[in-house]
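Student: Dumping the structure here so I can ask a few things about it.
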Amino acid sequence: MTSPALADDSAGFGPAAFQARTAATAAQMADLRAFAELLFTWNTRMNLVGPSASASFWERHAWDSAQLLDHAPSARTFADLGAGAGLPGLVLACLLKGQAGARVHLVESMAKRCRFLSAVVEALDLPAVVHNSRAEALALKVDVVTARACAPMVRLLGYAEPYLKLGAVGLFLKGQDVEAELNEAAKSWRFDANLSPSLSHPQGRVVTLKRVSRV
């Protein structure tokens, strides 16, 4: 039986399509496959991703995460808030592995999820550090602060504020309700926002935030 980590997604988007779109090396693809295997194995005993993940890993998870590198091609340091299942942080770490100065900070408040993240980082020797902490309790200087399925924008900005104050650009993966989230956040925050269509889902958006401050 083919492992879900190695098979094409239900929509036909698989590792070959991912590699073609990202120009990932053979070594990077091997790390991503190993990450997927670990993710699905750990998911049998803790809730990391939904039950449909094995049928959509390459497009909805790996490619969704990897597209952030197109928005910040010169970035080498990232903070992934609410890192949970390692999306996008562990995907970014796999693709940045071996590059000078690369570092992904995986910030997660739940200890059991930190154990999963640490296991993947150690097994694959990734350029990543796991922080068992609330996001807003840290102030890490990084090029990009990111999050996926973490919180509505009005709360997410509070979590990301320490990183943004140190010069990070915000790159957040959001769904179809992002404009309503930004309108609500604008009651408490000032920011410059740019919305780009997600490459992995027609209803998704990549939100780039700069010049963020409280009202």
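Student: Can you sort Leu87, Leu96 by how many other beta carbons sit within 10 Å, fewest first?
Tutor: With the fewest neighbours first, Leu87, Leu96 line up as Leu96, Leu87.
Student: If you don't mind, there's one more thing I want to ask. What does the extension gain come out to for Asn183 and Ser74, with contour length at 0.36 nm per residue minus their alpha carbon separation?
Tutor: 36.3 nm
Student: Any lysines with Cα under 18 Å of the Lys187 Cα? List them, leaving off those in the same chain fewer than 8 positions away.
Tutor: Reachable lysines: Lys210.
Student: Ok, one more. Dipole of segment 15-214, Cα-centred, from +1 at each Lys and Arg C-beta and -1 at each Asp and Glu C-beta, to the nearest 20 debye?
Tutor: Roughly 360 debye, rounded to the nearest 20.
Student: Which of the three applies to segment 36-107, rounded, prolate or oblate, going by the alpha-carbon gyration tensor with a ≥ b ≥ c and a/c under 1.5 meaning rounded?
Tutor: Prolate, because a/c is 1.5 or more and a/b exceeds b/c.
Student: Which values, in whole Å and largest first, are the semi-axes of the equivalent ellipsoid of segment 15-214 obtained as the square root of 5 times each eigenvalue of the Cα gyration tensor?
Tutor: Details: eigenvalues 125, 66, 56 Å².
Whole-Å semi-axes of the equivalent ellipsoid: 25, 18, 17.
Student: Sticking with this structure for a sec: Taking only DSSP H segments of four or more residues, each worth -39500 (n - 2.57), what value at 222 nm results for the chain once the sum is divided by all its residues, to the nearest 500 deg cm²/dmol?
Tutor: Roughly -10000 deg cm²/dmol at 222 nm, from the helical runs in the chain.
FYI, it's all coordinate maths here, none of it is from the lab. Just so it is clear, the model here is predicted, and its values are computed rather than measured. Positions of Cβ are backbone-derived with ideal geometry, glycine not excepted, and every protein chain shown enters the neighbour counts.
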